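Heads up, the thing below is written out as structure tokens.
The values are calculated or read from the model by the stated rules, or taken from the named source; none is laboratory data. Please read these numbers as outputs of a predicted model, since none were measured by experiment. Methodologically, a virtual Cβ is constructed for each residue, glycine included, from the backbone with ideal geometry; neighbour enumeration extends over all protein chains shown.
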Amino acid sequence: MIRVEQLCKTYLTKQGPLYALQDINLTIGLGEFVVVRGPSGCGKSTLLLILGGMLRPSAGEIWMRDRSLYSLSRAERARFRATEVGFVFQMFHLVPYLTILENVKLPLHPGTTTEPGKAQQLLMDLGLGDRLTHRPAELSAGEKQRVALARAMINQPSLILADEPTGNLDPQHAADVLAHLRAYQRQGGTVVMVTHGVQADAMADRIIPMNQGRLTP
Amino acid sequence: MNLFELIQKEIAYRKGGALCTILAVVMAVALYVAFQTTGEAAMRETIRLMRDMGYNLRIIPKNTEMNAFWAIGYSDQTMPETYVEAFTAYSKDTSLYNLLLAVLRQAVEIEGHHLVINGIAAEVCPPGMEKSSMIFEIPPGTLFVGYQAAQDLGMQQGGSLTLWGKAFTISRVLTETGTEEDIFLWAHLRDVQEGLHLHGRINEIRALECRCMSEDMDVLVLLRNQLSEILPDATVIQLQTIAKARQQQRRMAEKYFSFLMPVALLVSVVWIGALAWFNTRERRYELGVLRALGYGSVRIALLFLGKAMILGMVGAALGFLLGSWLAMAYGPEIFRVTARAIHVQPVLLGWVLLVAPLLTALASFIPAMLGVAQDPADVLRYE
């Protein structure tokens, strides 16, 4: 499903070039739960953003179902993200002025067909049925991350990209979030999660270590 | 979720920023509306001030001996009173002369006092022109008496004075002016012509130059050229100090309006632009997330520009109300004489509702484009 070939990302800094990713080759199959694990600053988030069509690589190719992701126009990549990808971030990034129900509905673009009540159902499944009209500021970190999960799932994307989704959660809530990601994967979705921790190891089909911009064996 | 809902909710959430933007629009619009609403009154007031400076043109017989003219203050020559009517052949679009007053002026000695008698007729305007009178009209058989003359002759309003064997009623004693006019007597032109045995004659036409002339024109040459077409036997003298004062008064009024509005507009645009920029900075994570959720550049730009237009519209409506209220409440106090010209102008509401949102969007354009151009990866990457 996802094929990454000779991927490199270099940032030009005042101190000289910074090689964030070097010679990444990777294949992720449909329905896989992949954990990319590595220390902070090793290039995990950069890899995730590139996989999500958010950050153009310096070199290499990313193939999504045999389409070269970065040969698509910006608008096509935006459409790809809207329909194919769900993002979950460490800092949740919920929109503060929307209720949690509205946050979950945010990816529903005009013309998107979703069953009525899907957002409510998702939130109820995630144990937030009684918080629909609450604002993110009124939720705990665990609850926020579950809202972010629901937002990522609302369009039933084929791929969820999770960047340290448990990084700000206590063990109980972290386990909760991972269980939901696992459930999503069991329904046929693909999950790529980057983390520096080991909590997700038990859930993962595959763990790919990463260090200093390279995938290590 | 549609964009309008998103904008509405964001405005409701970040009330402070939205209120500051609205305030900037309100101030600019209120200033504009107040200026426009009081503009007519201000213009009339300016015209009135200029008019109060008096006539600035003197048309006298061409063969006047100028040294004597300046020494005694009037021409020793006369010309037909019908000369005034010659100006009526000129239309309002071409005439350089406004408000013409036929005068017959002579020095007289009364009870040993040297005085000057002025016979004046009703003012004449070129056809199609309507001007309010610059000088009093004197009924036949009556006199208006200058302050010093009244002192010298011991005259009071309601008294009488015999001139050329005819009794005149003193209908007004004028206030002190500190000029030669304090020794003037004013009478109806017919009475003076009769008394001096100069039937149908005058020795001066007083006039105002039209406001159509700009500073770069050689006004006197233009006036003389036109006068030579109308009255070949007359010449014109321009009272430079009055002309200059009129010009300065006019220029000052024009400058005042042409300076203040652009400055107010500029301040508002910068203010709105700065607020929009802060808003973009504040929302950079949100924008990153919206990008991640598949929002394209157009929708992101519309989030900012749509918000700017909504705030601009609200500000325009409130600004119109405030500006109209200010004009109606304080305008009459500032422009006491021409207060009746101040009234609410509903047509301005249409204009400000159209223009203010566009200007607000324009002021927010660069910040909006910065928001669009922002690389979402920069804010979503923690490494």
Going by the structure shown, is A:Asp130 farther than 23 Å from A:Gly188 by Cβ and of a type in the set (Asp, Glu)? yes
Tell me which of these B:Met1 doesn't satisfy, since it passes every other one: (1) modelled with pLDDT of 90 or more; (2) out of contact with any strand residue (DSSP E or B) (no Cβ under 8 Å at 6 or more places or on another chain); (3) more than 29 Å from B:Ala264 (Cβ to Cβ). (1)
For segment B:93-133, name all the residues that are out of contact with any strand residue (DSSP E or B) (no Cβ under 9 Å at 6 or more places or on another chain), modelled with pLDDT under 85 and of a type in the set (D, E, K, R). B:Asp93, B:Glu130
Being within 31 Å of the chain's Cα centre (by Cα) and either assigned to a loop (DSSP other than H, G, I, E, B) or closer than 21 Å to B:Gly73 by Cα (or both) is the requirement here; does B:Ala149 meet it? no
Could you please let me know if A:Leu98 is within 13 Å of another protein chain (Cβ to nearest Cβ) and farther than 18 Å from A:Gly52 by Cα? yes
Considering only residues that are among the hydroxyl-bearing types (Ser, Thr, Tyr) and touching a residue at least 40 places away in the same chain (Cβ under 8 Å), look in segment B:1-33 and name the one that is nearest to the other protein chains (Cβ to nearest Cβ). B:Thr21
Looking at segment A:107-114, can you tell me whether even one residue there is touching a strand residue (DSSP E or B) at 6+ places or on another chain (Cβ under 9 Å) and in contact (Cβ under 8 Å) with a residue 24 or more places away in the chain? yes
Test of understanding: among A:Arg135, A:Arg151, which residue is surrounded by 18 or more Cβ atoms within 10 Å (Cβ to Cβ), in contact (Cβ under 8 Å) with a residue 24 or more places away in the chain and over 20 Å from A:Val35 (Cα atoms)? A:Arg151
Reported set for segment B:312-348 where residues are of a type in the set (Phe, Trp, Tyr) and under 16 Å from the mean Cα position of the chain (by Cα) is B:Phe335
Kindly indicate the residue of segment A:136-164 that is of a type in the set (Asp, Glu) and farther than 15 Å from A:Ala179 by Cα and also farthest from the other protein chains (Cβ to nearest Cβ) among those meeting that condition. A:Glu138
Within segment B:271-317, of all residues that are touching a helix residue (DSSP H, G or I) at 6+ places or on another chain (Cβ under 6 Å) and among the basic types (Lys, Arg), the one nearest to the other protein chains (Cβ to nearest Cβ) is B:Arg291
Kindly indicate the residue of segment A:105-119 that is more than 15 Å from B:Pro376 (Cβ to Cβ) and facing chain B (nearest Cβ under 10 Å) and also modelled with the highest pLDDT among those meeting that condition. A:Lys105
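Using the structure shown, decide if B:Asp52 is out of contact with any strand residue (DSSP E or B) (no Cβ under 9 Å at 6 or more places or on another chain), of a type in the set (D, E, K, R), closer than 30 Å to B:Ser228 by Cβ and modelled with pLDDT under 85.
No.
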Just to be sure I understand the filter: pairs with C-beta atoms under 7 Å, separated by 6 or more residues or on different chains, first member in segment B:172-187 and assigned to a loop (DSSP other than H, G, I, E, B) and at pLDDT 90 or above, second member surrounded by 12 or more Cβ atoms within 10 Å (Cβ to Cβ) and of a type in the set (Gly, Ala, Ser). Which pairs pass? B:Leu174/B:Gly146
Selection from segment B:1-22 of residues of a type outside the set (Lys, Arg) and over 43 Å from the mean Cα position of the chain (by Cα) yields B:Met1, B:Asn2, B:Leu3, B:Phe4, B:Glu5, B:Leu6, B:Ile7, B:Gln8, B:Glu10, B:Ala12, B:Tyr13
Which pairs have Cβ atoms under 8 Å, sit 6 or more apart or on different chains, and link a residue in segment B:269-285 that is closer than 10 Å to B:Thr21 by Cα to one that is basic (Lys, Arg)? none
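Restricting to segment A:63-83, name every residue that is surrounded by fewer than 18 Cβ atoms within 10 Å (Cβ to Cβ), within 8 Å of chain B (Cβ to nearest Cβ) and touching a residue at least 12 places away in the same chain (Cβ under 8 Å).
A:Thr83
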Test A:Gly60 against the criterion of being surrounded by fewer than 19 Cβ atoms within 10 Å (Cβ to Cβ), in contact with an Asp or Glu (Cβ under 9 Å, 6 or more places away or on another chain), under 28 Å from A:Val4 (Cβ atoms) and within 11 Å of another protein chain (Cβ to nearest Cβ), and give yes or no. no
Criterion: crowded, with 20+ Cβ neighbours inside 10 Å and at pLDDT 90 or above - qualifying residue of B:Ala316, B:Ala368: B:Ala316
So, first residue within 14 Å of chain A (Cβ to nearest Cβ) in segment B:361-383, second residue assigned to a loop (DSSP other than H, G, I, E, B) and among the charged types (D, E, K, R), Cβ within less than 8 Å, six or more apart or across chains; the pairs are B:Tyr382/A:Glu164
Quick one: which residue in A:Gly86, A:Gly43, A:Gly31, A:Gly52 is more than 25 Å from B:Gly296 (Cα to Cα), in contact (Cβ under 8 Å) with a residue 24 or more places away in the chain and facing chain B (nearest Cβ under 10 Å)? A:Gly43
